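**Student:** Structure below; questions to follow.
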2 protein chains.
Amino acid sequence: MPSRRADPVTVEVVELIGDVVARYHTEYEDAAASHQLTGAQARVLTLLSLEPLPMRRIAQKLRCEPSNVTGIVDRLETRGLVERRPDPADRRVKLAAPTDEGLQTAERLRESLDFAREPLAGLSDEERTALRDLLRRMLA
Amino acid sequence: MPSRRADPVTVEVVELIGDVVARYHTEYEDAAASHQLTGAQARVLTLLSLEPLPMRRIAQKLRCEPSNVTGIVDRLETRGLVERRPDPADRRVKLAAPTDEGLQTAERLRESLDFAREPLAGLSDEERTALRDLLRRMLA
DNA sequence: TATTGTTATACTCTATAACTATA
DNA sequence: TATAGTTATAGAGTATAACAATA
């Protein structure tokens with residue numbers, strides 16, 4: 001049931017979360033662009049740097065249609081950052097896996113994603129822990 | 001200066017913020033889609049529901065090129081949600097303004113955007129206030 | 001028959017550059 | 001000459017539907 005009137009603090013928290021989202025998005029896109037990647041390409045490369053995945057699984061992680069993943073992986077493959085491997089267990093499946101260069105790019109991407117690391121540095125240990133606990137409960 | 005090694009709590013907070021961002025994005029797109037709007041269209045309509053704006057200002061708010069705004073406003077105008085008005089003070093300028101139907105749609109959009117209202121309801125007043133203060137400091 | 005990945009198609013968002021009408 | 005908005009163009013992401021290969 002949505003429309004219970006929200007108190008002022010809740011309204012402000014929602015606005016602040018909107019600000020966090022906007023800032024996160026901007027920094028993510030900038031970090032991706034600094035490696036000549038789009039946001040979607042950066043997300044897929046980051047996913048694959050954790051473990052190779054079937055095309056279908058990538059679509060599920062991205063919450064998009066499988067047909068889209070074909071193009072994104074095509075472009076990453078053209079760049080030499082990702083390759084398609086056969087799945088020994090099921091010949092219908094293609095596993096997308098990062099190349100060595102792809103892994104390096106993913107690592108540099110992670111490093112340039114400073115969001116909330118710098119701002120969080122201004123908080124004390126206790127405050128960071130409190131923030132972690134509150135966010136955990138919010139997402140539970 | 002990015003790469004100072006982050007402590008585990010900071011790492012988890014960054015991950016949690018990523019989760020918040022993903023959830024916010026999903027809910028925003030869903031809310032927009034439930035009104036047959038794309039995310040960009042919903043953002044512009046929401047902006048204009050606060051006050052009519054010159055095309056140029058919309059582009060600045062969206063952090064995109066002015067040429068993109070033409071298409072987005074075109075589509076909102078075709079839907080009858082927005083109209084372009086001349087600016088009496090400068091005949092080069094076109095003010096985009098919501099129609100009555102556009103205002104109604106923007107209001108319903110706001111209502112269906114429950115993000116963080118429901119989850120925040122599970123927090124006490126003190127916790128919400130603490131969260132607000134921590135987010136404020138993070139974004140400062 | 002069902003599933004995996006792809007192709008074909010169409011729409012939206014995006015940036016760049018060139019154009020117009022004002023200022 | 002500078003600015004506001006548009007148009008033209010091209011690339012990328014998205015969904016839908018139809019297809020080939022495999023299960």
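The values are calculated or read from the model by the stated rules, or taken from the named source; none is laboratory data. This structure is a prediction, so every number in the text was calculated from the model and none was measured. Please note: Cβ atoms are built from the backbone with ideal geometry, for glycine as well, and neighbour counts cover all protein chains shown. Remember, those area values only see protein heavy atoms, side chains included, never the ligands or the DNA or RNA. Shrake-Rupley method; radii C 1.70, N 1.55, O 1.52, S 1.80 Å.
**Student:** Within the stretch A:25-69, which residues are away from DNA strand D (no atom under 16 Å from the Cβ) and either at pLDDT 95 or above or within 9 Å of another protein chain (Cβ to nearest Cβ) (or both)?
**Tutor:** The answer is A:Thr26, A:Ser49, A:Leu50, A:Glu51, A:Pro52.
**Student:** Here are some conditions: (1) closer than 30 Å to A:Glu127 by Cα; (2) among the hydroxyl-bearing types (Ser, Thr, Tyr); (3) under 22 Å from the mean Cα position of the chain (by Cα). B:Thr105 meets all but one. Which one does it not meet?
**Tutor:** So the condition that B:Thr105 fails would be (1).
**Student:** Please list, ordered by first then second residue, the pairs with beta carbon atoms under 6 Å, 6 or more apart or interchain, first in the stretch A:61-75 and touching a residue at least 24 places away in the same chain (Cβ under 8 Å), second within 6 Å of DNA strand C (Cβ to nearest atom) and assigned to a helix (DSSP H, G or I).
**Tutor:** Pairs found: A:Val69/A:Met55.
**Student:** Of all residues in the stretch B:10-24 being more than 8 Å from every other protein chain (Cβ to nearest Cβ) and under 24 Å from B:Glu118 (Cβ atoms), which is most open to solvent (accessible area, probe 1.4 Å)?
**Tutor:** Here is the first cut: in the stretch B:10-24, the residues more than 8 Å from every other protein chain (Cβ to nearest Cβ) are B:11, B:15, B:22.
Next, from what is left, pick out any that are under 24 Å from B:Glu118 (Cβ atoms): B:15, B:22.
Values: B:Glu15: 112, B:Ala22: 55 Å².
Looking at residues that are more than 8 Å from every other protein chain (Cβ to nearest Cβ) and under 24 Å from B:Glu118 (Cβ atoms), I get B:Glu15.
**Student:** Out of A:Thr78, A:Thr99, A:Thr105, which single residue is closer than 22 Å to A:Thr26 by Cα and modelled with pLDDT of 95 or more?
**Tutor:** Exactly one residue qualifies, and that residue is A:Thr105.
**Student:** What is the residue count in the stretch B:94-110 for residues that are of a type in the set (Gly, Ala, Ser) and not in a strand (DSSP E or B)?
**Tutor:** Matching residues across the stretch B:94-110 total 2.
**Student:** On the given criteria, is B:Asp7 open to solvent by less than 60 Å² (accessible area, probe 1.4 Å) and within 10 Å of another protein chain (Cβ to nearest Cβ)? Before the answer, list the steps.
**Tutor:** On the way: open to solvent by less than 60 Å² (accessible area, probe 1.4 Å): yes; within 10 Å of another protein chain (Cβ to nearest Cβ): yes.
Here the answer is yes, as B:Asp7 does meet what is asked.
**Student:** Provide a single number: the residues in the stretch A:55-93 that are open to solvent by less than 90 Å² (accessible area, probe 1.4 Å), more than 8 Å from DNA strand C (Cβ to nearest atom) and in a strand (DSSP E or B).
**Tutor:** 2
**Student:** Looking at A:Glu111, is it more than 9 Å from DNA strand D (Cβ to nearest atom), under 15 Å from A:Leu45 (Cα atoms) and free of Cβ contacts under 8 Å to residues at least 24 places away in the same chain?
**Tutor:** Taking the combined requirement at face value, the residue satisfies it.
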